[in-house]
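Trainee: Next up is a structure, given as structure tokens.
The values are calculated or read from the model by the stated rules, or taken from the named source; none is laboratory data. Keep in mind the model is a prediction, meaning the values are calculated, not measured. Cβ placement follows ideal geometry from the backbone for every residue including glycine, while neighbour counts extend to all protein chains displayed. Please note that ligands, DNA and RNA were not included when accessible areas were found on the heavy atoms of the full protein model with its side chains. Shrake-Rupley method; radii C 1.70, N 1.55, O 1.52, S 1.80 Å.
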Amino acid sequence: MKKLQANVAAPLYQQLCDAIKEQINSGNYKVGERIPSEEQLSEMYGISRITTRSGVEKLVEEKILIKRRGKGTYVAMPTYFESMSAGGSFTKSCLLMNAVPSTKIISISRQKPTLDISKKLGIEEDQDIICISRLRLVDDVPAILETDYFRSEFNFLLQEKLENRSLLDTIRENTGITANQFEDVFDIKYANKEIAGFLKCEVSYPLLRVRQTVMVDQERIVYYNEQCIMSEIYKYSTRTVK
């Protein structure tokens, strides 16, 4: 590891900032990965702890690094803000942000609903539903773990390729139904081992949970979903109309 030089124009803390940025840009420190401790950085670059702390704090202020109490300092995740003009579509929202959306289908199946899901969809418990679990990524970074529930009349979804296209567009193309109303309930869900594995976060990490009913109007429900969102990466947006 190259030692920093005191006899150059840039102060030592700025040289440290530049060195850490270089490590990030080269992929040696990856997004979401913990970097060496301040003590280790001091030894690696031959500088004092005070100088090291100044450099790290500057990168935290620039949102290049993020500190997690009791855990260390990490390379910050990029943050994306959902576009209000995307009509509830994750795919369109990413494209409007000049980000690349992608989807990994975890599972798609026909099953019996729980009592809660049957109530959400307005059906009896003995009726089959279509259940789709998807991992949504922004620029290849896992952002949302989503499970969608549909009535059996949407069984055409079992045959559709859903990896990299808008689910709302797929529904409209197959049924003529345009969903344009969304009823959201927000709370916090702490990642269990399975969720943490998909979202590349720690177990018990706090996630934004959105329980969403997708509708044409108050009388016609299209589907229901539950989303666990890494709000450090993807900022969910809503609009209130008066």
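Trainee: Rank these residues by their accessible area, most exposed first, probe 1.4 Å: Arg220, Arg68. Write out the running numbers ahead of the final one.
Mentor: Working: Arg220 135, Arg68 50 Å².
Solvent-accessible surface, decreasing: Arg220, Arg68.
Trainee: Relative to the longest principal axis of the C-alpha atoms of the chain, give the angle of the C-alpha long axis of helix 49-61, reported between 0 and 90° and rounded to the nearest 10°.
Mentor: On a 0 to 90 degree scale, this one is about 30.
Trainee: Continuing with this model, one more query. For the range 17-83, just the Cα atoms, rotate onto the principal axes and tell me the three extents in Å, largest first.
Mentor: Projected onto the principal axes, the Cα atoms of the range 17-83 cover 45, 26, 18 Å.
Trainee: Please get the size of the charge dipole for the chain, origin at its Cα centre, with Cβ charges of +1 on Lys and Arg and -1 on Asp and Glu, quoted in debye to the nearest 20. Walk me through the numbers before you get to the answer.
Mentor: Working: 34 positive and 33 negative charges, 148 e Å.
Its charge dipole is roughly 720 debye.
Trainee: Have a look at the range 162-242 and give its Rg and Dmax from the Cα atoms, expressed in angstrom.
Mentor: 14.9, 41
Trainee: How large is ³J(HN,Hα) for each residue in the range 109-126, as worked out from phi by the Karplus curve 6.51 cos²θ - 1.76 cosθ + 1.60 (θ = phi - 60°), to whole Hz, x for Gly and Pro?
Mentor: For the range 109-126, the Karplus curve yields 7, 9, 8, 8, x, 6, 4, 5, 5, 4, 5, 4, 8, x, 10, 7, 5, 7 Hz.
Trainee: Now, a different point. Protein chains only, probe 1.4 Å: how do Tyr190, Tyr149 rank by accessible area, largest first? The partial results should precede the final answer.
Mentor: On the way: Tyr190 145, Tyr149 35 Å².
The ordering from most to least exposed comes out as Tyr190, Tyr149.
Trainee: Relative to the Cα centre, what is the charge dipole magnitude of the range 170-242, using +1 at the beta carbon of each Lys and Arg, -1 at the beta carbon of each Asp and Glu, and rounding to the nearest 20 debye?
Mentor: Charge dipole, the range 170-242, about its Cα centre: 140 debye, nearest 20.
Trainee: Using a probe of 1.4 angstrom, how much of the accessible area of the chain is carbon and sulfur, in percent?
Mentor: Ligands and nucleic acids excluded, carbon and sulfur give 49 percent.
Trainee: Accessible area of Glu202, 1.4 Å probe, to the nearest 10 Å²?
Mentor: So the heavy atoms of Glu202 present about 70 Å² to solvent.
Trainee: Let me ask you something else. For the range 107-194, taking Cα atoms only, what is the radius of gyration to one decimal and the Dmax to the nearest whole Å?
Mentor: For the range 107-194, the Cα radius of gyration and maximum Cα-Cα distance read 14.2, 40 Å.
Trainee: Can you pull the semi-axes for the range 10-149, root of five times each eigenvalue of the Cα gyration tensor, sorted largest first, whole Å? Display every interim value, and only then the final one.
Mentor: On the way: eigenvalues 399, 56, 30 Å².
Working from the Cα gyration tensor, I get semi-axes of 45, 17, 12 Å.
Trainee: With the radius of gyration and the Kirkwood radius both derived from the Cα set of the chain, what is their ratio Rg to Rh?
Mentor: 1.10
Trainee: Which entries in the list Lys21/Lys63; Lys21/Lys67; Lys67/Lys200; Lys71/Lys200; Lys21/Lys58; Lys92/Lys193 go over 19 Å, if you measure between the two C-alpha atoms of each? Write out the running numbers ahead of the final one.
Mentor: Details: Lys21/Lys63 12 Å; Lys21/Lys67 16 Å; Lys67/Lys200 17 Å; Lys71/Lys200 16 Å; Lys21/Lys58 12 Å; Lys92/Lys193 30 Å.
Exceeds cut-off: Lys92/Lys193.
Trainee: Quickly estimate the mean residue ellipticity at 222 nm for the chain, helices only: each DSSP H run with n ≥ 4 gives -39500 (n - 2.57), and the total goes over all residues, rounded to 500. If you can, show how the numbers build up before the last one.
Mentor: Numbers: 7 runs with 65 residues, N = 242.
Value at 222 nm, helices only, nearest 500: -7500 deg cm²/dmol.
Trainee: As a test question: what accessible area, to the nearest 10 Å², does Ile108 have when a 1.4 Å probe is rolled over all protein chains in place?
Mentor: Roll a 1.4 Å probe over it and Ile108 shows about 60 Å².
Trainee: Using the heavy atoms of the protein chains alone and a 1.4 angstrom probe, what is the accessible area of the range 17-147 per residue in square angstrom? Show your work: numbers first, answer last.
Mentor: Values: 6880 Å² over 131 residues.
I get 52 Å² per residue for the range 17-147.
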